[in-house]
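> First, the structure itself, so that you have it in front of you.
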Amino acid sequence: EASQEEMGEREEAGLVDEQKDYANEIGGVQYGTVTDLLSFVNFLSNMQTSALQHLSKEMGVLLSKKDMAIRKGRYQVSMDVLLFPWKLTYKNPGSGLVPKGSFGKVHLAQDTMTRKRMACKLIPIENFKAADVEFQARFRHENIAELYGAMFWDHNVHLFMEAGEGGSVLEKVDSCGPMREFEIIWVAKQVLRGLEYLHSHNVIHHDIKPSNIVLMSDKAVLVDFGLTVQMTEDIYIPRDLRGTEMYMSPELVLCRGHNTKTDIYSLGTTIIHMQTGSPPWVRRYPRTAYPSYLYIIHKQAPPLEDIAADCSVAMRSFLERALERNPTLRSSACQLLKDEAINPPREDQPRCWSLDSALEEATHTLQRQQSLRHDTTQVSAESSLYSEDSGHIRRKGSLYIDLGALSGHSKLVTGPPTSEYN
């Protein structure tokens, strides 16, 4: 039997040893602990779909009393919480895009009482697995999207979580093109911190890729834990192939066993995608001619030829360490966090490491420029940001405009500012 000290350590790590029964009655939404939430999602995943078809009200467990207001055991869509299509308008204003993952669609949600804005992932009950929630609930870290609760209603499981209003890295790249190296450094560092935490608990994410890295004003977070596993031995031998082809490590493709280092390889391929605007392999081996990349990965990995031509020497060295074919020789998240590529000299570092400081710098720059101009009516915000006067900021590597794009601000993301949004 575990000592109190051991139990405390497991609780601090977010681990749950046992789960109590969710409820004696079907129906109703309640506040609860992580244990209650895990019990509820297991209840859902084990319940026959037909038994849930005649519910008269929502059922679920919410973790946040501060941000989510339950009223008389109800948390009603369109009354207590509003759901909106997530529209990203990086280059094409008016175009709508709803991110998807693990058989679910993601919407922007807002609690009508607290005004808390969240992401809400809707998963059809027939596609729902407890694993979709388990790891995100058990493991809490600033670079893992925080889970606020789960609810079942209208044939869908609603997962409420931290909102990354800047969208995913994939959406950023598809809309704005390849990212510059200092932007990549910022994202890579955030992802490595999340992976270092997961790997310290022997957890493999199994699907690191641009669409599973979500951007916020001051950080990036990992999402989509539907393929995640926790190793009980040094090597995990899968029953099936887990991940997305272009980002898979060669040892994962072989299906003979792998460990947390497979996530590091996937991060390396993700950085190539951020550099070039395309996943590795696809430029040399077009999808039209190669419907599967598994054999190519097995024979030719790592894809060092796909590294961007303008990649710095330090970043190329970083990628070679991350994409090492032999997982035993491949660097860990902890080791890569100390790499010089993502810890450049102070004079080469961007001045703004959060959106707030970035926007503040941009505001001061615009004010200085406009005060020097006599005819301010002909000066647009865009020309001010990219004028010769602001060139020194760009040369210094400031993130004042880039973090705005990364994080979906400066009117790049449309969403409901209030419940009166039409």
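> Counting only residues that are hydrophobic (A, V, I, L, M, F, W, C) and under 20 Å from residue 138 (Cβ atoms), which one in region 187-212 is surrounded by the most Cβ atoms within 10 Å (Cβ to Cβ)?
Here is the first cut: in region 187-212, the residues hydrophobic (A, V, I, L, M, F, W, C) are 187-188, 191-192, 195, 198, 203-204, 208.
Remaining after also requiring under 20 Å from residue 138 (Cβ atoms): 191, 195, 198, 203-204, 208.
Details: 191: 25, 195: 28, 198: 24, 203: 20, 204: 26, 208: 25.
Here the answer is 195.
> Could you give every pair whose Cβ atoms fall below 8 Å, whose first residue belongs to region 166-195 and is on the phi > 0 side of the Ramachandran plot, and whose second residue is at pLDDT 95 or above, counting only separations of at least 6 or pairs across chains?
Filtered contacts from region 166-195: 177/277.
> Another question about this same structure. Would you check if residue 271 is surrounded by 14 or more Cβ atoms within 10 Å (Cβ to Cβ) and either in contact with a Cys (Cβ under 7 Å, 6 or more places away or on another chain) or more than 21 Å from residue 223 (Cα to Cα) (or both)? Give the steps one after another, and end with the answer.
Details: surrounded by 14 or more Cβ atoms within 10 Å (Cβ to Cβ): yes; either in contact with a Cys (Cβ under 7 Å, 6 or more places away or on another chain) or more than 21 Å from residue 223 (Cα to Cα) (or both): no.
Here the answer is no, as residue 271 does not meet what is asked.
> Going through region 277-303 one residue at a time, which ones are over 23 Å from residue 178 (Cβ atoms) and part of a loop (DSSP other than H, G, I, E, B)?
Residues satisfying the conditions are 289, 291, 292.
> Something else: Given the structure, is residue 69 buried (at least 18 other Cβ atoms within 10 Å of the Cβ), modelled with pLDDT of 90 or more and in the same structural domain as residue 31 (by TED's automatic domain parsing)? Before you say what the answer is, go through the steps one by one.
Working: buried (at least 18 other Cβ atoms within 10 Å of the Cβ): no; modelled with pLDDT of 90 or more: yes; in the same structural domain as residue 31 (by TED's automatic domain parsing): yes.
When the stated conditions are applied, residue 69 does not pass them.
> So is residue 231 in the same structural domain as residue 183 (by TED's automatic domain parsing) and without any contact (Cβ under 8 Å) to a residue 60 or more places away in the chain or not? Steps first, answer last, please.
Details: in the same structural domain as residue 183 (by TED's automatic domain parsing): yes; without any contact (Cβ under 8 Å) to a residue 60 or more places away in the chain: yes.
Considered against the rule, which asks whether it is in the same structural domain as residue 183 (by TED's automatic domain parsing) and without any contact (Cβ under 8 Å) to a residue 60 or more places away in the chain, residue 231 comes out as yes.
> Mind listing whichever residues of region 133-165 are in contact with a Ser or Thr (Cβ under 6 Å, 6 or more places away or on another chain) and within 22 Å of residue 199 (Cβ to Cβ)? So that I can check it myself, show each step before the final result.
If we filter region 133-165 for residues that are in contact with a Ser or Thr (Cβ under 6 Å, 6 or more places away or on another chain), which is where we start, we get 135, 148.
Residue satisfying the conditions is 135 alone.
> Let me ask another. Looking at this structure, is residue 306 in the same structural domain as residue 222 (by TED's automatic domain parsing), under 19 Å from residue 187 (Cα atoms) and either out of contact with any Asp or Glu (no Cβ under 6 Å at 6 or more places or on another chain) or of a type outside the set (Gly, Ala, Ser) (or both)? Spell out how you get there, then give the answer.
Working: in the same structural domain as residue 222 (by TED's automatic domain parsing): yes; under 19 Å from residue 187 (Cα atoms): no; either out of contact with any Asp or Glu (no Cβ under 6 Å at 6 or more places or on another chain) or of a type outside the set (Gly, Ala, Ser) (or both): yes.
Answer is no for this residue.
> I've got another one for you. Can you list residue pairs whose Cβ atoms sit under 6 Å apart, with the first residue in region 28-51 being more than 16 Å from residue 133 (Cβ to Cβ) and the second being modelled with pLDDT under 95 and among the hydroxyl-bearing types (Ser, Thr, Tyr)? Count only pairs 6 or more apart in sequence or on different chains.
Note: no pairs meet the criteria.
> Could you list, in sequence order, the residues of region 43-66 that are of a type in the set (S, T, N, Q) and surrounded by 13 or more Cβ atoms within 10 Å (Cβ to Cβ)? Spell out how you get there, then give the answer.
The initial filter retains those residues of region 43-66 that are of a type in the set (S, T, N, Q), namely 45-46, 48-50, 53, 56, 64.
The answer is 45, 64.
> Next question, about the same structure. Every residue in region 72-82 that is of a type outside the set (Val, Ile, Thr) and surrounded by 17 or more Cβ atoms within 10 Å (Cβ to Cβ), please. Let's see the steps before the verdict.
Taking region 72-82 and keeping what is of a type outside the set (Val, Ile, Thr), we get 72-76, 78-80, 82.
Once the filter is applied, which keeps residues that are of a type outside the set (Val, Ile, Thr) and surrounded by 17 or more Cβ atoms within 10 Å (Cβ to Cβ), region 72-82 yields 75, 80, 82.
> Which one of 203, 221 is within 15 Å of the chain's Cα centre (by Cα), assigned by TED's automatic domain parsing to the domain that holds residue 336 and among the aliphatic types (A, V, I, L, M)? Full working, then the answer.
Working: 203 fails: within 15 Å of the chain's Cα centre (by Cα).
From the options 203, 221, the qualifying one is 221.
> A follow-up question, please. Before we move on, is residue 313 among the hydrophobic types (A, V, I, L, M, F, W, C), in the same structural domain as residue 185 (by TED's automatic domain parsing), without any contact (Cβ under 8 Å) to a residue 12 or more places away in the chain and over 13 Å from residue 209 (Cβ atoms)?
Considered against the rule, which asks whether it is among the hydrophobic types (A, V, I, L, M, F, W, C), in the same structural domain as residue 185 (by TED's automatic domain parsing), without any contact (Cβ under 8 Å) to a residue 12 or more places away in the chain and over 13 Å from residue 209 (Cβ atoms), residue 313 comes out as yes.
> Return yes or no: is residue 346 more than 22 Å from the chain's Cα centre (by Cα), among the charged types (D, E, K, R), at pLDDT 65 or above and more than 19 Å from residue 198 (Cβ to Cβ)? Reasoning before the result, please.
Details: more than 22 Å from the chain's Cα centre (by Cα): yes; among the charged types (D, E, K, R): yes; at pLDDT 65 or above: yes; more than 19 Å from residue 198 (Cβ to Cβ): yes.
It is true that residue 346 is more than 22 Å from the chain's Cα centre (by Cα), among the charged types (D, E, K, R), at pLDDT 65 or above and more than 19 Å from residue 198 (Cβ to Cβ).
> Is it the case, given these coordinates, that residue 274 is under 21 Å from residue 291 (Cβ atoms) and either assigned to a helix (DSSP H, G or I) or in contact with a Leu (Cβ under 6 Å, 6 or more places away or on another chain) (or both)? Explain how you work it out, then say what you get.
Values: under 21 Å from residue 291 (Cβ atoms): no; either assigned to a helix (DSSP H, G or I) or in contact with a Leu (Cβ under 6 Å, 6 or more places away or on another chain) (or both): yes.
Against the criterion (under 21 Å from residue 291 (Cβ atoms) and either assigned to a helix (DSSP H, G or I) or in contact with a Leu (Cβ under 6 Å, 6 or more places away or on another chain) (or both)), residue 274 does not qualify.
The values are calculated or read from the model by the stated rules, or taken from the named source; none is laboratory data. Note that the structure is a prediction, hence the values are computed from the model and not measured. Virtual Cβ from ideal backbone geometry, glycine too; neighbours counted across all protein chains shown.
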